[in-house]
1. Of the listed peptides 13-20, 154-161, 190-197, what is their order by residue-averaged count of other C-beta atoms within 10 Å, with the highest listed first?
2. With 10 angstrom as the radius, rank 60, 3, 104, 24 by how many other C-beta atoms surround their C-beta, starting from the fewest.
3. Quick one: 227, 221, 33, fewest Cβ neighbours within 10 Å first, how do they rank?
4. For a protection proxy built on the mean count of beta-carbon atoms within 10 angstrom, sort 180-186, 109-115 highest first, please.
5. Report, to the nearest 10°, how far helix 188-200 tilts away from the longest principal axis of the Cα atoms in the chain, using its own Cα long axis and a range of 0 to 90°.
6. Can you tell me the length gained on complete extension of the stretch residue 143 to residue 218, counting 0.36 nm per residue apart and subtracting the Cα distance?
């Protein structure tokens with residue numbers, strides 16, 4: 001169920017310490033936007049000066065290459081904040097595409113409309129800065145994985161953290177081969193090849209609809225190995 005913007009502002013650490021008057025002002029300045037599955041909120045290269053909060057749904061941040069390959073940098077869900085670089089740096093183009101993974105309710109603030117509130121509330125700016133630092137640390141971890149781990153290691157890491165899984169037992173395959181490739185910065189063909197290799201080695205069992213991890217310890221070892 002979609003949370004109201006009022007409820008989200010009350011609990012989000014960036015906004016929760018603001019006065020009720022300031023939070024009410026932010027509610028008035030927000031632009032509600034209902035977006036549909038697969039919709040592009042903003043493309044790579046766009047100048048998009050907005051901050052937004054997700055009321056419901058999932059937004060994927062995808063880095064694209066000139067060859068058309070994509071890397072899913074992160075996925076954000078209800079209650080999380082994101083922004084285009086132009087929100088802070090005027091005319092700065094987006095380094096990634098924001099795509100809706102499912103129908104989502106978003107609340108947007110334009111730079112022009114919210115800037116006076118930011119300038120009047122140093123606490124708000126400080127909390128946003130902390131959030132940016134957290135995102136930079138996560139981005140660094142992704143870069144480390146791409147730079148120092150083989151495709152097999154990145155895929156092993158994805159399997160270890162596969163959505164909706166328990167420590168044992170079968171789980172439904174909620175990610176397609178293309179989605180898995182996007183998450184590890186590889187191709188559908190490479191993902192298919194290594195999934196089959198993992199199955200042949202007895203690390204997993206996999207069908208068109210289900211996946212089961214048989215040797216989690218070995219997958220963890222693969223995920224931790226660095227390129228020679």
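Just so it is clear, none of the values below were taken in a lab; they were calculated from the coordinates. In this text the structure is predicted, and so the values were computed from the model without any measurement. Counting neighbours? That spans all protein chains shown, and the Cβs are built from the backbone with ideal geometry, glycine included.
1. Details: 13-20: 14.1, 154-161: 19.9, 190-197: 16.8.
The densest-packed peptide leads the list: 154-161, 190-197, 13-20.
2. On the way: 60 21, 3 17, 104 24, 24 13.
If I rank by nearby Cβ atoms, fewest first, I get 24, 3, 60, 104.
3. Working: 227 8, 221 12, 33 15.
Ordered from fewest to most neighbouring Cβ atoms within 10 Å, 227, 221, 33 come out as 227, 221, 33.
4. Packing proxy ranking, top to bottom: 180-186, 109-115.
5. Around 50 degrees separate the two axes.
6. Details: separation 75, 0.36 × 75 = 27.00 nm, distance 2.30 nm.
Additional length available on full extension: 24.7 nm.
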